[in-house]
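Participant: Okay, handing you the structure first.
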Amino acid sequence: MRRLNLWWRIALIALGAVVVVVTLVAIVAVVYTALERTTYPNAGLAFDQPLAIPPLLEPTIADGVKTFELTVQSGTRQFRPGTDTATLGFNGAYLGPTIRAAKGETVRFHIANTLAEPTTVHWHGMDLPPIMDGGPHQMIDAGGTWEPTWPVINAASTLWYHSHMMGKTGEQVYRGLAGFFLIDDPADAALGLPSTYGMDDIPLVVQDRLFDASGQFIYRADHSSFLSPGMLGDTILVNGTVGPYLDVPATLVRLRILNGSNARRYDFAFADGRTFQQVASDGGLLEAPVTLDHLLLAPAERAEIIVDMAAIAGPARLISRPITDPMDPISNLVQAILVPGNDEHQGFEILELRPTAGTHPSASVPERFSPITRMAEADATVTREFILDQDGRTINGKAVDHARVDQVVRRGDTEIWVVRNFTSSYHPFHVHGVQFQILDRNGNPPAVNELGWKDTVNVPTTESVRLIVRFASYADPTRPYMFHCHILEHEDMGMMGQFVVVESLDEEVKLTGPVAEMPTVHSGH
Ligand code: C2O
Ligand code: CU
Ligand code: CU
C-alpha cells in the first residue's frame, strides 16, 4: 500500500515536470516566433553591387542545328570584395551562361568536364529522350566529354540546367553548377511581353550560401536528421551577386525567377507591397496573368512575373517574407537552435530594381494568353502513390537504387501521381522528362497560378498533392528518368526513384549503361 503510494507520487511528480517543461518550451517557441516574424537577418543590405546578368551563350549553327560549347570548370569568384571564394561554373567561375533555343530547333552540346571529379549536366524541365537527360546515368568522367542532342519540343519557358551527379548534386550545384535554359516560341512574340534580355527581361537565380571566416563556401552534405531541412545559408546571392541592384526602364519589367537554392523556399514580395503579375510557371505561360502580392517558390520552381516600374515612383525592393508552416512555432525554435539565426522561416532582402529616368513607352500585359487544356482525371488509366517518408529520406520506404526500376510507364498513358508528405517538413517533388498539371491539394483545387504546366511541385507537410501527367514523347526500356525531392541534400541521401517509359508493357525492362559503377547511396543516419 505504502509502496503504491510512493509510485503514484513519483508518477505525479514526473508528469508535473513534463507539463512544466512542455509549457516552457511552448512559451519560448511562441515568443521566439513572434520576434522572428519581425526580423530580416540581412535587413539594411547596401544593394551596392550591380546585378550580374549571365551572358547568352552563342551557338554555332549548321544544318539547322544549334551547337553550344560548355566547359565545366573550377575557379574563384569575389562575392565579397577582396576575398576569393573557390567555385565551380560553366564557361566561367560561377554558374553558367544562359542557353537559348526556340521550339522546333535541334540543339547539340559539346560538354567538357575539366574537373578532377565526375559530373553530369541535367536539363531540368526538358522533354527529351532519357539518354540525353543528363541525370545520374549520363555521368561525364573527370576529363571526359558528353555530346547530347535533341529536338526542342517544350513550349516557351524558363528551364535550367544543373549538375545531377549521384551523391554530389547538392555540393556541385552549391559551388556553382547551374544555369538558365530559355525556350522561345516565335508564336508568343505577338503577346508583346517584355523580352529584351538583360534590359526588361531579366533572369534571376536566387540562392542562399553560407561563408566561413576566410570567405569560402561552407557545405554540409549530411542532413539526415529530420530536424535539419537541408543546406541553408544566411547570405543571398542573385545571379551570384551579393547585395545586387539593377537599373531598369520605368515600365513593365519581366523577371524570370528561379529558386536555385539547395533547400530554402522563398516567399517573394515587394517591400512596398506593390502587386505584380505572374505570367508563367515552370513549363511556360499561364492561361492568363495572375495578380499577386506574394509568391512562394520551392527549390527548382520557376515563375515569370511582370512588375510595373512606372506605377510607383522610386525603387522596388524584392524581398522574401518569413514563411509559416503548420509545424511552427516548434520547428522554428528547433531550427533556430540547430542553425542559429538561419532557419528556413526567416525573411530576406533580395534585390533592388531602380527605375531609370526618362520616358518609356507605356506597355500592358494582355488579358489572356493561349488557353491551356486541363487534363481530365477521367483520362488517367493508372494511379501511382509516392509516399515521402520521415526518417530515411526515402520515397515509398526506399532510397534510390540505380539498378532498380521503381515504376514502369507506358508511353502515351495519362497517369495520376499522388504524392503524400508524411514528414514534418516540405519537399519539392520533381519529375524528369515531363510537364504535369496539379489536380488538387488535399482535395482542394490548386491556386490559379498553379493551373499551368509544372515540373516541380511544393508538397508541404501533411499534404497530399495529386498530379496528372501524360508521358507522351519518348520510350526507352533501357534508360530511366528520375523522380525525386528537389531539396538537393534529400536527393543525395536517396530521396529519389527511377521510372522507365516503354512502348508496350510486354517489353522487357533492362537497364544498360554504367549502372554498376554508380556510387551507392545510403539513406540518412
Ligand atoms: Cu533539377 Cu532531377 O533535377
Ligand atoms: Cu529535372
Ligand atoms: Cu525532401
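The values are calculated or read from the model by the stated rules, or taken from the named source; none is laboratory data. In this text the structure is predicted, and so the values were computed from the model without any measurement. Neighbour counts run over all protein chains shown; Cβ positions are idealised from the backbone, glycine included. When the accessible area is computed, the model is the full protein with side chains, heavy atoms only, and any ligands, DNA or RNA have been set aside. Shrake-Rupley method; radii C 1.70, N 1.55, O 1.52, S 1.80 Å.
Participant: Filtering region 490-519 down to residues that are away from ligand 2 (no atom under 15 Å from the Cβ) and of a type in the set (S, T, N, Q), which residue is modelled with the lowest pLDDT?
Facilitator: Applying the filter and picking the extreme gives THR512.
Participant: Note down all Cβ pairs under 8 Å where the first residue falls in region 131-149 and is in contact (Cβ under 8 Å) with a residue 60 or more places away in the chain, the second is open to solvent by less than 40 Å² (accessible area, probe 1.4 Å) and among the acidic types (Asp, Glu), and they're at least six residues apart or on different chains.
Facilitator: ILE131/ASP476
Participant: I'd like to check something: does region 482-489 contain any residue that is away from ligand 2 (no atom under 15 Å from the Cβ), outside any strand (DSSP E or B) and either surrounded by fewer than 22 Cβ atoms within 10 Å (Cβ to Cβ) or of a type in the set (Lys, Arg) (or both)? Lay out the reasoning, then the answer.
Facilitator: Quick first cut of region 482-489, residues away from ligand 2 (no atom under 15 Å from the Cβ) only: 489.
So of that shortlist, the ones also outside any strand (DSSP E or B) come out as 489.
Adding the requirement that they be either surrounded by fewer than 22 Cβ atoms within 10 Å (Cβ to Cβ) or of a type in the set (Lys, Arg) (or both) leaves none.
No, there is no match, as no residue in region 482-489 is away from ligand 2 (no atom under 15 Å from the Cβ), outside any strand (DSSP E or B) and either surrounded by fewer than 22 Cβ atoms within 10 Å (Cβ to Cβ) or of a type in the set (Lys, Arg) (or both).
Participant: Still on this model: Which condition number in (1) touching a residue at least 60 places away in the same chain (Cβ under 8 Å); (2) out of contact with any strand residue (DSSP E or B) (no Cβ under 8 Å at 6 or more places or on another chain) is the one that ASP63 fails?
Facilitator: So ASP63 meets the others, but not (1).
Participant: Then there is this: Across region 424-440, what is the total count of residues that are in contact with a helix residue (DSSP H, G or I) (Cβ under 8 Å, 6 or more places away or on another chain), part of a strand (DSSP E or B) and either within 16 Å of ligand 1 (Cβ to nearest atom) or open to solvent by less than 20 Å² (accessible area, probe 1.4 Å) (or both)?
Facilitator: Residues in region 424-440 being in contact with a helix residue (DSSP H, G or I) (Cβ under 8 Å, 6 or more places away or on another chain), part of a strand (DSSP E or B) and either within 16 Å of ligand 1 (Cβ to nearest atom) or open to solvent by less than 20 Å² (accessible area, probe 1.4 Å) (or both): 2 in total.
Participant: Step by step: first the residues of region 237-251, then only those that are open to solvent by 10 Å² or more (accessible area, probe 1.4 Å) and of a type in the set (A, V, I, L, M), then the one that is farthest from ASP492 (Cα to Cα). Which residue is that?
Facilitator: The residue in question is ALA250.
Participant: Just for region 141-152: of the residues that are part of a loop (DSSP other than H, G, I, E, B) and away from ligand 1 (no atom under 16 Å from the Cβ), which one is farthest from MET482 (Cα to Cα)? Even if it seems obvious, please write down each step before you answer.
Facilitator: Filtering region 141-152 for residues part of a loop (DSSP other than H, G, I, E, B) gives 141-144, 147-148, 152.
Then keep just the ones that are away from ligand 1 (no atom under 16 Å from the Cβ); that gives 141-144, 147, 152.
Details: ASP141: 20, ALA142: 23, GLY143: 25, GLY144: 23, GLU147: 20, VAL152: 20 Å.
The qualifying residue farthest from MET482 (Cα to Cα) is GLY143.
Participant: Still on this model: For region 409-423, which residues satisfy the criterion of being more than 20 Å from PRO445 (Cα to Cα), surrounded by 15 or more Cβ atoms within 10 Å (Cβ to Cβ) and at pLDDT 95 or above?
Facilitator: VAL409, ARG410, ARG411, ASP413
Participant: Would you mention how many residues in region 158-170 are surrounded by 24 or more Cβ atoms within 10 Å (Cβ to Cβ) and either of a type in the set (Lys, Arg) or within 16 Å of ligand 3 (Cβ to nearest atom) (or both)?
Facilitator: 3
Participant: Against the definition (within 21 Å of ILE387 (Cβ to Cβ) and touching an Asp or Glu at 6+ places or on another chain (Cβ under 8 Å)), how does VAL459 come out, yes or no? It would help to see each step written out before you state the result.
Facilitator: On the way: within 21 Å of ILE387 (Cβ to Cβ): yes; touching an Asp or Glu at 6+ places or on another chain (Cβ under 8 Å): no.
So VAL459 fails the test.
Participant: Considering each of VAL408, VAL469, VAL465 in turn, give the residue that is within 14 Å of ligand 3 (Cβ to nearest atom), part of a strand (DSSP E or B) and aliphatic (A, V, I, L, M). Quick ask: steps written out before the conclusion?
Facilitator: On the way: VAL408 fails: within 14 Å of ligand 3 (Cβ to nearest atom); VAL469 fails: within 14 Å of ligand 3 (Cβ to nearest atom).
Exactly one residue qualifies, and that residue is VAL465.
Participant: In region 98-146, which residue that is open to solvent by 10 Å² or more (accessible area, probe 1.4 Å), of a type in the set (S, T, N, Q) and more than 21 Å from SER473 (Cβ to Cβ) is nearest to ligand 2 (Cβ to nearest atom)?
Facilitator: Among those residues, the one meeting the criterion is THR145.
Participant: Counting residues that are of a type in the set (Asp, Glu) and at pLDDT below 95, which strands (runs of 3 or more DSSP E) fully inside region 60-140 reach at least 3?
Facilitator: Numbers: elements: 60-62, 65-80, 83-90, 99-102, 106-113, 122-124.
Here the list is empty.
Participant: Being modelled with pLDDT of 95 or more and of a type in the set (Val, Ile, Thr) is the requirement here; does ILE27 meet it? Spell out how you get there, then give the answer.
Facilitator: Numbers: modelled with pLDDT of 95 or more: no; of a type in the set (Val, Ile, Thr): yes.
Spelling it out, it is not the case that ILE27 is modelled with pLDDT of 95 or more and of a type in the set (Val, Ile, Thr).
Every residue, every condition in (1) over 27 Å from THR114 (Cβ atoms); (2) surrounded by fewer than 17 Cβ atoms within 10 Å (Cβ to Cβ), yes or no:
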position: GLN172; (1), (2): no, no
position: LEU177; (1), (2): no, no
position: ALA187; (1), (2): yes, yes
position: PRO194; (1), (2): yes, no
position: ILE202; (1), (2): yes, no
position: LEU210; (1), (2): no, no
position: SER214; (1), (2): no, yes
position: ILE218; (1), (2): no, yes
